[in-house]
Amino acid sequence: MAMQAIQMIITGHTKVVGVIGHPVEHSLSPGMHNAEFERLGLDWVYVPFAVHPDRVETALRGIAALGVAGINVTVPHKQAVIRFLDELSPEARRIGAVNTIRFGDDGRSVGFNTDAPGWADDIQQDILLEGSAVCILGAGGASRGLCVAAAMAGSRSISVCNRTFETAVALCESLQPEFPEVLFRPCRMEGDEVREQFRACEIIVNATSVGMASNPGIPVPADWLHQDQYVYDTIYTPAETELLKTARQRGCAARNGLGMLARQGALSFEIWTGHRPDVERMEAAIRRQLAERNGKE
Ligand code: ATR
């Protein structure tokens with residue numbers, strides 16, 4: 001990442017933001033944010049902090065005491081940070097996960113979730129969530145965020161398909177009272193009835209880890225997809241998962257999760273700095289880093 005490092009000048013006034021995670025070495029966020037600080041001429045710097053799960057509280061106290069302006073929170077701390085925060089945004093409260101914290105001058109902390117609105121912003125470049133029937137694949141933390149984002153954007157029904165059916169049931173049951181106007185439907189990953197329910201959904205979103213290099217495969221049977229469906233995969237490495245490849249072969253419009261990463265970053269950037277960054281430029285910074293990484297492999 002010499003590309004970013006050589007340009008930065010740290011002064012006595014430099015404001016600090018960063019990311020806590022475990023591990024955090026592979027994060028693309030420092031490169032993305034620092035490139036944008038530089039482009040906008042802001043005297044800010046974004047640094048990675050590897051924080052062990054046993055030290056989350058101590059880390060947050062230290063970060064607040066040092067006057068760090070804000071942080072991103074990544075795996076595995078997105079839920080763990082919540083009990084140490086002074087305030088939560090409505091989205092973060094509903095999702096039960098925080099990926100962005102802002103610290104006031106007095107050290108007061110507010111937790112936000114920009115993953116979910118970042119995804120909603122990205123997908124809605126192509127298709128409106130309002131009034132749509134959405135199928136979310138997976139029922140973990142990522143799925144919960146997308147369910148809340150889709151519900152808040154006005155989806156009319158949300159089917160949650162998961163390998164472990166009970167987890168999908170639990171997710172739907174916990175969200176249904178929050179959004180009485182949305183129909184939440186848990187479903188299995190097999191069977192004719194589910195197939196029909198799946199085929200009636202206009203938007204299919206993969207929120208499982210299936211399709212990553214470490215977890216190859218496709219999260220739904222390929223012949224369930226048809227050309228009237230729109231397919232979004234939250235995975236961005238590889239850029240084209242088996243799901244996206246199959247979807248495109250079957251005539252579906254499709255998009256990967258790279259824009260979601262850029263947009264959650266852009267929303268966090270604005271929360272901390274008050275400046276609206278250029279999302280396209282942030283996305284380009286991610287692409288550059290990924291290309292550089294691929295070149296090194
Ligand atoms: P996250 O917080 O990123 O959502 P998670 O809570 O571990 O991560 O959830 C991972 C999701 O991917 C789950 O829905 C998981 O399904 P199970 O609940 O059945 O475990 C899903 N998943 C992971 N590997 C899978 C596989 N090989 N086939 C189908 N689903 C898989």
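The values are calculated or read from the model by the stated rules, or taken from the named source; none is laboratory data. All figures in this text were calculated on a predicted structure; none of them were measured in a lab. Please note: Cβ atoms are built from the backbone with ideal geometry, for glycine as well, and neighbour counts cover all protein chains shown. Heads up: the accessible areas ignore ligands, DNA and RNA and are worked out on the full protein's heavy atoms, side chains in. Shrake-Rupley method; radii C 1.70, N 1.55, O 1.52, S 1.80 Å.
Worth a mention:
- Failed item in (1) of a type in the set (Asp, Glu); (2) free of Cβ contacts under 8 Å to residues at least 40 places away in the same chain; (3) closer than 19 Å to Val110 by Cα, with Asp54 passing the rest: (3)
- Some residue of region 125-136 being modelled with pLDDT under 95, over 15 Å from the mean Cα position of the chain (by Cα), part of a loop (DSSP other than H, G, I, E, B) and away from the ligand (no atom under 15 Å from the Cβ): no
- Exclusive hit being within 16 Å of the ligand (Cβ to nearest atom), under 29 Å from Val19 (Cβ atoms) and open to solvent by less than 10 Å² (accessible area, probe 1.4 Å), set Ala168, Ala150, Ala139: Ala150
- Subset tally (residues that are open to solvent by 40 Å² or more (accessible area, probe 1.4 Å), within 14 Å of the ligand (Cβ to nearest atom) and at pLDDT 95 or above) for region 187-209: 1
- Within region 108-119, being of a type outside the set (S, T, N, Q), more than 13 Å from the ligand (Cβ to nearest atom) and open to solvent by less than 10 Å² (accessible area, probe 1.4 Å) holds for Gly111, Gly118.
- Top-ranked residue in region 264-278 [being part of a helix (DSSP H, G or I) and open to solvent by less than 30 Å² (accessible area, probe 1.4 Å); ranked as nearest to Gly31 (Cα to Cα)]: Gly265
- Meets criteria (open to solvent by 30 Å² or more (accessible area, probe 1.4 Å), closer than 30 Å to Val110 by Cβ and more than 17 Å from the chain's Cα centre (by Cα)) for Arg281: yes
- Qualifying position, being at pLDDT 95 or above and in contact with an Asp or Glu (Cβ under 8 Å, 6 or more places away or on another chain), among Pro117, Pro177: Pro117
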